[in-house]
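The values are calculated or read from the model by the stated rules, or taken from the named source; none is laboratory data. This structure is a prediction, so every number in the text was calculated from the model and none was measured. Glycine gets a Cβ as well: all are built from the backbone with ideal geometry, and neighbour counts include every protein chain shown.
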2 protein chains.
Amino acid sequence: MPEYKAPVRDIKFVMQELLDCDKHYKKLGYDDASEDMVDAIISEAAKFTEQVIAPLNQIGDEQGCTWTDGVVTTPDGFKDAYQQYVEGGWPTLSQSEEFGGQGLPYSLNASISEMMSSANHSFAMYPGLSHGAQATIEAHGTSEQKQQYMPKLVEGSWTGTMCLTESHCGTDLGMLRTKAILNDDGSYAITGTKIFISAGEHDLSDNIVHIVIARLPGAPEGSKGISLFIVPKFNVNEDGTKADRNAVSCGSIEHKMGINANATCVINFDSAKGFLIGQENRGLHCMFTFMNAARLGVAMEGSAAAEAAFQGSLAYAKDRLQMRSISGVKNPDGPADPIIVHPDVRRMLLTQKSISEGGRALIGYLSQLVDITHASDDADVKADAENKLALLTPIAKAFLTELGFECTSHGVQVFGGHGFIKEWGMEQLLRDTKISCIYEGTTGIQALDLLARKILGSKGQILKPFMTDIAIFSKDNADNPAMSEYVSTLNSYAKQWQMITGDIGQKAMKNADEIGGASVDYLMFAGYVTLGYFWAKMASVAQSKLKDGGEDEAFYQAKIKTAAFYFHRILPRAQGHAACIEGGVDSMMALASEDFAF
Amino acid sequence: MPEYKAPVRDIKFVMQELLDCDKHYKKLGYDDASEDMVDAIISEAAKFTEQVIAPLNQIGDEQGCTWTDGVVTTPDGFKDAYQQYVEGGWPTLSQSEEFGGQGLPYSLNASISEMMSSANHSFAMYPGLSHGAQATIEAHGTSEQKQQYMPKLVEGSWTGTMCLTESHCGTDLGMLRTKAILNDDGSYAITGTKIFISAGEHDLSDNIVHIVIARLPGAPEGSKGISLFIVPKFNVNEDGTKADRNAVSCGSIEHKMGINANATCVINFDSAKGFLIGQENRGLHCMFTFMNAARLGVAMEGSAAAEAAFQGSLAYAKDRLQMRSISGVKNPDGPADPIIVHPDVRRMLLTQKSISEGGRALIGYLSQLVDITHASDDADVKADAENKLALLTPIAKAFLTELGFECTSHGVQVFGGHGFIKEWGMEQLLRDTKISCIYEGTTGIQALDLLARKILGSKGQILKPFMTDIAIFSKDNADNPAMSEYVSTLNSYAKQWQMITGDIGQKAMKNADEIGGASVDYLMFAGYVTLGYFWAKMASVAQSKLKDGGEDEAFYQAKIKTAAFYFHRILPRAQGHAACIEGGVDSMMALASEDFAF
């Protein structure tokens, strides 16, 4: 089992040196988020995740959650760890002070979420989902609803869920069947069965507040007839205290590939008492307001998994002696060389490292954009942040989870046969991470959201501000010979990205299926270039730091060398995707569905 | 749980139409392998795998093997199924008549192995490994050893294993510590602990014959000091009957990511009685003689997994209704369209299909080469077959297992959230298949074998005969306009392959690490092109069949359309690998191992 060590130095590099969070927080009025405070919180979070959360990862996988007569028990140690999590005030960090939160920025919490997710994907999901439920109530609930539910949710003594999926519909929520019928007292009777409800039932909190989508009688068909409801496990008195049990029950939990310590529940609503959030039939709209944040959270799971896999792989690769380096013996006193001398092992390690660190930079940047949407009072700045989030969130979600999954697979591979054995912990990372490519919208759905809805839906306009950022960066670094290779490569990829976009747009006018045919390759191409931009920025910052002299030279040198690896060995993969896009959709649509097999 | 249906039509297409096995078998003197006989055996094997083996796949995963005081029990139904397997004469199919085998060609058995592996990876490994042990004894044992061990092994009432790995060495077998000391009676006392011994202990057979590598006192260091021994679980009398228990015991079994129904054992040899096979210190050499066949068997697991994932995905994609086609409603009477209408779902299905069918063609071809090495009396023909096997086996092993793993991941993805749930069976395929990228030499090891040992080791000479095949195929199809796109694309890739080879050779003269830096990308490039050649050949055969008229038009059309998909959407991926190779090794070697993390 690899021991998790929070990458504090790199988290600080991203937050403070790359993204200058101090200035960013000051500008947005987050006065409490001083450099000292950020340092202290990061250090405490590192300790907590290393000492409390990470040690439960493997036992959580082994034991899983258990279901008995509707009661779900989390694995040994989870309840106690969650208690410590609440007592430490962690759930409240970036929540509104109005409801007992500490009012710190989203992006600060995001860096802690990354540590939690690397340390224990299953555990991290409990607070993650609860934040989603809170965001919904805070954005769309009445002030009474907020007073009733938010304080306990913010505190963490209650948790929340999102109840969307039904057995016949996941992506296509317009097909949902769960019904909501108005009661005399203004509440609604919710009836239906939801599946795949993460953290839907468990023993960590006193109450569970479900956010449920359902259909009102006579509601329009499809996604325009979806309404959103608060349905608590225990009814809640007006003063926010817990009352009697609501007609909500957990019918069973799923047996899954991974994230075994997070209960994935079938939740039955049997005329359960629910309360409308927002307007009737506007449920999907309400959900979209926090969808970006939820997807960003899953994107982070991808790079967090890459980090965890990297740590395990690196320790093993330094320790495991096997074969001699092809370019000459490196460990003459040992019976063989450590496998980190072999180029192909390094390829896997550096892939993990460049995705983990590159992903951290991308997520860090997007989290700051979320801060801006929360706290900026400049409408233009806010609109620009929303625009960039709209573009980059599906890219981050799908690209980082796909690459994160690849990195966990490298983790297994670096360990050879031992990687396949549970006790080493590497295969668990792979199993846990696969879900991140699926939930909150599969890779295919993110790709359609990006290409169809956003890129082509805006006739490419949405791409422009990001391209401008690349152009500005290029200009800023034009006179720096150490950056010239990065700048010219990046520019050529940015141009290619725009050309590909234009080509698909042209083709799509003749055949709309060209969009779906190109979408995933397009997203992956975009992902490689986007991360290239962040790697170039990191290299540039590291070069400046080196020029300034001072400490941490090896750290900055490593950053520059990893950027070089990314540009030479990862970014070129984009050419495979570009070539596949060129192949067009015709050969994908030619087979009638009955002719796929004989 | 997807229901397995043996792809009989496609297996026959590959064997009979693409590779003309009838002529091939006649030429080699396999007179019993008539077309009727082949048909009958394939049909019976299909029935057996569908009805007996496949239904045990899921229960095998759930229950796994259990270990109690050295005794390993296979999951419910495995013992009975194995009994049926033996009674049906399946283990004997391609074994020597001298020892009770049916003397049929290797390639015929390979097509049955594919079905077994798609149906139940864990089950298929028991006979698979036994065949490996038999091949070793048959090739290198004394005639007494053969008489003692072969009949029961061939019959299947005994099974065999390969005991190579120790906890500190897998790839680097030269480091092994297991000792062999000569006894007075000419036998050896074998002492040591082997790990990762698949089928090392179980309840399917009366005796287990371990083939063990060990080191004699004073043997040369490294791989030149490895000797090979037969070490049976029960000692064997001279007449081949079972005697008393040998000092061989199973210390424990591993808890693994997958292939849970195949026991992965720690085997302790405690002065166990063993018998030298072949010459002293020539053990590794003896093993190499059947290494190609073993690796070919694992390569087949890759395409077999792609087939199984394809079958599950296809059934689900036709059945699952979700969203409307972007190019217009396709299922107006239903609440949504089946997801097979969506281009990106088709991309995943066609990737699975093209890898499964393309892999089948490649494996079929390589299996015929093995037939030639077994049965041809023409030394040149035999040498040519061995040469091509040497080139194409590592490509097939690594490329097909990597792509097979990808295809099982697509299988999970096509099912969305349901793919992550055990009951649907898709995640098991992914978990089971990952091991194929590792055992019998990881992807990285195959890539070094290909590029360092074979390609550069022969100064590229080993590549020439295959390039000649492509040239001949191109010439044969030069006048066929329907093939012109395939031919020109294939030729351009073949040229690029040779150029890349030359470039790496140049670079490697300056820095040997360039080989390891390029190796996996090089192998993947080679894999895409190799499969492209087989897809072009299949398209050409299908076109001829259509021209001839007659039955199965839809089947041949599908073949041609799948070839088009492969050429337009899969083969271009090779460009990503080519671009990464161009990136060189410098950025991979720049970081000191202590600077990978801070």
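Set side by side, the residues B:Ala304, B:Ala293, B:Ala299 differ, and just one is surrounded by fewer than 22 Cβ atoms within 10 Å (Cβ to Cβ) and in a helix (DSSP H, G or I), which is B:Ala293.
Residues that are over 23 Å from B:Ser313 (Cα atoms) and surrounded by 22 or more Cβ atoms within 10 Å (Cβ to Cβ) within the stretch B:9-49 comprise B:Met15, B:Cys21, B:Tyr25, B:Tyr30, B:Ala33, B:Val38, B:Ala45, listed in sequence order.
The set of residues from the stretch B:274-290 being touching a residue at least 40 places away in the same chain (Cβ under 8 Å) and closer than 20 Å to B:Ser130 by Cα comprises B:Gly274, B:Phe275, B:Leu276, B:Ile277, B:Gly278, B:Gly283, B:Leu284, B:Cys286, B:Met287, B:Thr289, B:Phe290.
If the condition is being assigned to a loop (DSSP other than H, G, I, E, B) and touching a strand residue (DSSP E or B) at 6+ places or on another chain (Cβ under 7 Å), then the stretch B:128-169 contributes B:Gly141, B:Leu164, B:Thr165, B:Ser167. Of the strands (runs of 3 or more DSSP E) entirely within the stretch B:209-259, those holding at least 1 residues that are in contact (Cβ under 8 Å) with a residue 12 or more places away in the chain and crowded, with 19+ Cβ neighbours inside 10 Å occupy B:227-232, B:234-236, B:248-253. Restricting attention to the stretch A:315-334, report how many residues are part of a loop (DSSP other than H, G, I, E, B) and either over 18 Å from B:His168 (Cβ atoms) or more than 7 Å from chain B (Cβ to nearest Cβ) (or both). Of the residues in that region, 12 qualify. The residue that is nearest to B:Leu450 (Cα to Cα), counting only those in the stretch A:335-344 that are at the interface with another protein chain (Cβ under 7 Å from one of its Cβ atoms) and part of a helix (DSSP H, G or I), is A:Asp344.
On the given criteria, is A:Lys256 within 30 Å of A:Ala180 (Cβ to Cβ) and within 8 Å of another protein chain (Cβ to nearest Cβ)? Against the criterion (within 30 Å of A:Ala180 (Cβ to Cβ) and within 8 Å of another protein chain (Cβ to nearest Cβ)), A:Lys256 qualifies. Residues that are free of Cβ contacts under 8 Å to residues at least 60 places away in the same chain and either facing chain B (nearest Cβ under 9 Å) or under 27 Å from B:Lys256 (Cα atoms) (or both) within the stretch A:438-454 comprise just one, A:Ile438. Residues that are at the interface with chain B (Cβ under 7 Å from one of its Cβ atoms) and either free of Cβ contacts under 8 Å to residues at least 12 places away in the same chain or buried (at least 22 other Cβ atoms within 10 Å of the Cβ) (or both) within the stretch A:551-563 comprise A:Ala554, A:Ala558, A:Lys561, listed in sequence order.
Among residues of the stretch B:571-598 that are crowded, with 20+ Cβ neighbours inside 10 Å, those with a Cβ under 6 angstrom from a residue that is in a loop (DSSP other than H, G, I, E, B), sequence gap 6+ or separate chain, pair up as B:Pro572/A:Gly583. When A:Ala6 is tested against (1) of a type in the set (A, V, I, L, M); (2) in contact with a Leu (Cβ under 9 Å, 6 or more places away or on another chain); (3) buried (at least 17 other Cβ atoms within 10 Å of the Cβ), exactly one condition is not met: (2). Exactly one residue out of A:Asp76, A:Asp80, A:Asp69 is outside the structural domain of A:Gly312 (by TED's automatic domain parsing), among the charged types (D, E, K, R) and within 18 Å of A:Gly200 (Cα to Cα): that is A:Asp69.
Rundown of residues vs (1) of a type in the set (Gly, Ala, Ser); (2) surrounded by fewer than 24 Cβ atoms within 10 Å (Cβ to Cβ); (3) under 15 Å from the mean Cα position of the chain (by Cα); (4) closer than 23 Å to A:Arg569 by Cα, yes/no style:
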| site | (1), (2), (3), (4) |
| --- | --- |
| A:Gly359 | yes, no, yes, yes |
| A:Ile363 | no, no, yes, yes |
| A:Val381 | no, yes, no, no |
| A:Glu386 | no, yes, no, no |
| A:Thr393 | no, no, yes, no |
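Say whether the condition of being within 12 Å of chain A (Cβ to nearest Cβ) and either polar (S, T, N, Q) or surrounded by fewer than 17 Cβ atoms within 10 Å (Cβ to Cβ) (or both) is met by at least one residue in the stretch B:517-535. Checked against the condition, which is being within 12 Å of chain A (Cβ to nearest Cβ) and either polar (S, T, N, Q) or surrounded by fewer than 17 Cβ atoms within 10 Å (Cβ to Cβ) (or both), the stretch B:517-535 yields at least one hit. Here the stretch A:435-481 is the region considered, the condition is being touching an Asp or Glu at 6+ places or on another chain (Cβ under 8 Å) and not polar (S, T, N, Q), and the residue that is surrounded by the fewest Cβ atoms within 10 Å (Cβ to Cβ) is A:Pro465. Taken over the stretch A:157-189, residues that are away from every other protein chain (no Cβ under 14 Å) and either under 23 Å from A:Ala263 (Cβ atoms) or within 21 Å of the chain's Cα centre (by Cα) (or both) amount to 6. Of all residues in the stretch A:575-598, those satisfying the criterion of being within 7 Å of another protein chain (Cβ to nearest Cβ) and hydrophobic (A, V, I, L, M, F, W, C) are A:Ala579, A:Cys580, A:Val585, A:Met588, A:Met589, A:Ala590, A:Leu591, A:Phe596, A:Ala597, A:Phe598. Touching a residue at least 12 places away in the same chain (Cβ under 8 Å) and not in a helix (DSSP H, G or I), is that true of A:Ala33? Here the answer is yes, as A:Ala33 does meet what is asked. The residues on offer are B:Pro75, B:Pro55, and the sole one that is without any contact (Cβ under 8 Å) to a residue 40 or more places away in the chain and under 22 Å from B:Leu430 (Cα atoms) is B:Pro55.
Against the criterion of being in the same structural domain as B:Thr393 (by TED's automatic domain parsing), out of contact with any Phe, Trp or Tyr (no Cβ under 7 Å at 6 or more places or on another chain), modelled with pLDDT of 95 or more and under 29 Å from B:Thr443 (Cβ atoms), B:Arg295 qualifies.
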